Amino acid sequence: MSSRPRGAAEPAGQRELLSAGDVARTIARMAHQVIEKTALGAGPPEQHPVLLGIPTRGTPLAARLAARIGEFAGTEPPHGALDITLYRDDLRRRPPRALEETQLPPDGIDDRVVILVDDVLFSGRTVRAALDALRDHGRPRAVQLAVLVDRGHRELPIRADYVGKNVPTARAEGVSVLLSETDGLDSVLLRAPEGDTR
Amino acid sequence: MKHLLATDGLDAETATAVLDTADELKHTLLGREVKKLPTLRGRTVITLFYENSTRTRVSFEIAGKWMSADVVNVSASSSSVNKGESLRDTALTLAAAGADCVIVRHPASGAAHRLSGWLAEAGTSVVNAGDGTHEHPTQALLDAATLRERLGSLKDRRIAIVGDVVHSRVARSNIHLLHTLGAEVVLVAPPTLLPVGVEKLPVTVSHDLDAELPAVDAVMMLRVQAERMYGGFFPSAREYSISYGLSERRQALLPDHAVVLHPGPMLRGMEIAHAVADSPASAVTEQVRNGVHVRMAVLYHLLASEGAAA
């Protein structure tokens, strides 16, 4: 089910890559992949992975992914949020940002498989900052990465373990992930170049 | 934000942003074994103190270190100031040595402002850590953070500031900040300890502490600054204590939710009774704890971004 017929009534300069239905199906597929890769359901709860969303949109994505995993595997893994603002390497280039909430599961992340969840994977710098932040919160057994959209143009040797959709983009194009929790609807849009927005 | 010199003129949006950041920092660091963030790595912060201080200097030093800045402490008594070097030359020396931020405490009102002018070319930020009887903005911010924590919001709250208002930079900074954040401020002091021009401040004035206490959400006690008094401002410590000290009897007049603050150091028995200072209503140690997070937030807003220098 789409929020609107694909390609119709879209504002000029942007194209819908994923409809609301596509987003739901993509998250469901990623949930199955997580269950398979982490053997979730086979081990005791303390061996379940911990899903940590990177604010802003990674947080609801992590919650949705955890809920879907719960539906399919019968057991919902813990999920939370990891704010990486203070660990970014581009802080000096931008005005100070407001900090967002970090919420870790009560048992912490020591010896757990942590799956970082974000909406778009681009340069990889956000993920690097998240890895630095994780190190200050504990020592996970392993860290994996789940993203809804991988748009390429990596600047660091980082790749995702779970990718909702690979989207080849020009560097100057923009990818917007809209989620009902933050934007009122689910959609992924490709925006035409407006200059380099990196 | 390039400098933090005063709360007079600090807009509500910026003040709230600093307080929100402090909240998040507190939450982020809660229960963490390693209280260190890499945010200000490579930045140099110098504390330049011309007056004695424990909590403010230590608080700034810890704040800087928890943000991974390199913190250097300079005190007037152990520097070339002792040899007669002027504030301007000392400041230029520190800037030339690579300071990104100078945190200054000085007995002269306006010293921090002058410093910010001299350091403008070097691009060094200045934080006022108390200048004479003028302002002490980070103290007001940490008081506001503590009040927000205890009371939820400052909007339409009534706060009494009690005691030596005339010599108190803490009071002056708090009057402006609390007003900006929507609180109502009442100054309670003998006429001799009220500043000239008090009628121009956004406050009401009272000389009767007992009458004010039942209607306030918080009472902020001030230190009697004997070192700044060159005459008789009140007859005796005992009389001051009887009229303006926060005794157990007076505490009983406060509403149950009311918070007691004191910027420290406290003169127990005179300004505040032992039992009151150690009661659950007292937020004195929380003020110190919040001070670190508030100063981290201030350094973050001043130094995290070079773009903010504009």
**Complete:** Which of A:LEU121, A:LEU148, A:LEU185 fluctuates most in a GNM of chain A (C-alpha springs under 10 Å)? That residue is A:LEU185
**Item:** Positive-end residue, chain B charge dipole about Cα centroid, Cβ charges, pick of B:ALA273, B:TYR300, B:GLY132
**Value:** B:TYR300
**Complete:** Among B:GLN139, B:GLN225, B:GLN251, the residue with the largest mean-square fluctuation in a Gaussian network model of chain B built from Cα contacts under 10 Å is B:GLN225
**Request:** Considering only lysines 8 or more places apart in sequence, or on different chains, count the pairs in the protein assembly as shown whose C-alpha atoms sit under 26 Å apart.
**Result:** 12
**Message:** Just to confirm a number: summing +1 for Lys and Arg and -1 for Asp and Glu over residues other than B:HIS113 whose beta-carbon lies under 12 angstrom from that of B:HIS113, what do you get?
**Reply:** -2
**Asked** Lys/Arg Cβ at +1, Asp/Glu Cβ at -1, dipole of the stretch A:20-128 taken about the Cα centre: which of A:THR26, A:PRO96, A:ALA67 is farthest positive-ward?
**Response** A:PRO96
**Message:** Over chain B, what is the relative contact order in percent, taking alpha-carbon pairs closer than 8 angstrom and at least six residues apart?
**Reply:** 21
**Asked** For chains B and A, what's the summed buried accessible area, probe 1.4 Å, to the nearest 100 square angstrom?
**Response** 1500
**Asked** Using a 1.4 Å probe, what is the accessible area per residue for chain A, in Å²?
**Response** 47
**Prompt:** How large is the accessible surface per residue of the stretch B:137-284, computed with a 1.4 Å probe and reported in Å² as a whole number?
**Reply:** 39
**Fill in**
Here, B:MET270 and B:GLU121, labelled 7 Å along Cα→Cβ, have an inter-label distance in nm of 4.6
**Message:** Please report the spacing between the Cα centers of the stretch B:145-195 and the stretch B:29-58 in Å, no decimals.
**Reply:** 26
**Prompt:** Once you charge only the Cβ atoms, +1 for Lys and Arg and -1 for Asp and Glu, what is the size of the charge dipole of chain B about its Cα centre, to the nearest 20 debye?
**Reply:** 660
**Prompt:** Under the rule of -39500 (n - 2.57) per DSSP H run of 4 or more residues, summed and divided by the residues of chain A, what mean residue ellipticity at 222 nm is obtained, to the nearest 500 deg cm²/dmol?
**Reply:** -8500 deg cm²/dmol
**Fill in**
In Å², rounded to a whole number, the accessible area per residue of the stretch B:49-130 with probe 1.4 Å is 44
**Prompt:** So for chain A, taking the charge dipole from beta-carbon charges (+1 Lys/Arg, -1 Asp/Glu), which of A:PRO77, A:ALA142, A:PRO45 sits furthest toward the positive end?
**Reply:** A:ALA142
**Prompt:** Which of the peptides A:26-33, B:181-188 is most tightly packed, and how do the rest follow, judged by the mean count of other Cβ atoms within 10 Å per residue?
**Reply:** B:181-188, A:26-33
**Fill in**
All alpha-carbon distances of the stretch B:36-161, grouped into 5 Å bins from 0, give the whole-percent distribution 2, 10, 19, 21, 19, 13, 8, 5, 3, 1, 0
**Request:** Excluding A:GLY138 itself, calculate the net charge of residues whose Cβ lies under 15 Å from the Cβ of A:GLY138, where each Lys or Arg counts +1 and each Asp or Glu counts -1.
**Result:** 0
**Request:** Go from 0 up to the bin containing the longest alpha carbon distance in the protein assembly as shown, width 20 Å each, and give me the % of pairs per bin.
**Result:** 21, 43, 29, 8, 0
**Message:** Counting only protein heavy atoms and a 1.4 Å probe, tell me what percentage of the stretch B:137-284's accessible area is made up of carbon and sulfur.
**Reply:** 55
**Message:** Using the Cα centre of the stretch B:137-284 as the reference point, and only Cβ charges (+1 on K/R, -1 on D/E), how large is the resulting charge dipole? Debye, rounded to the nearest 20.
**Reply:** 300
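The values are calculated or read from the model by the stated rules, or taken from the named source; none is laboratory data. Source: prediction; values computed, not measured. Every residue, glycine among them, receives a Cβ derived from its backbone with ideal geometry; neighbour counts consider all protein chains shown. Areas reflect the complete protein model, heavy atoms only, side chains present, ligands, DNA and RNA absent. Shrake-Rupley method; radii C 1.70, N 1.55, O 1.52, S 1.80 Å.
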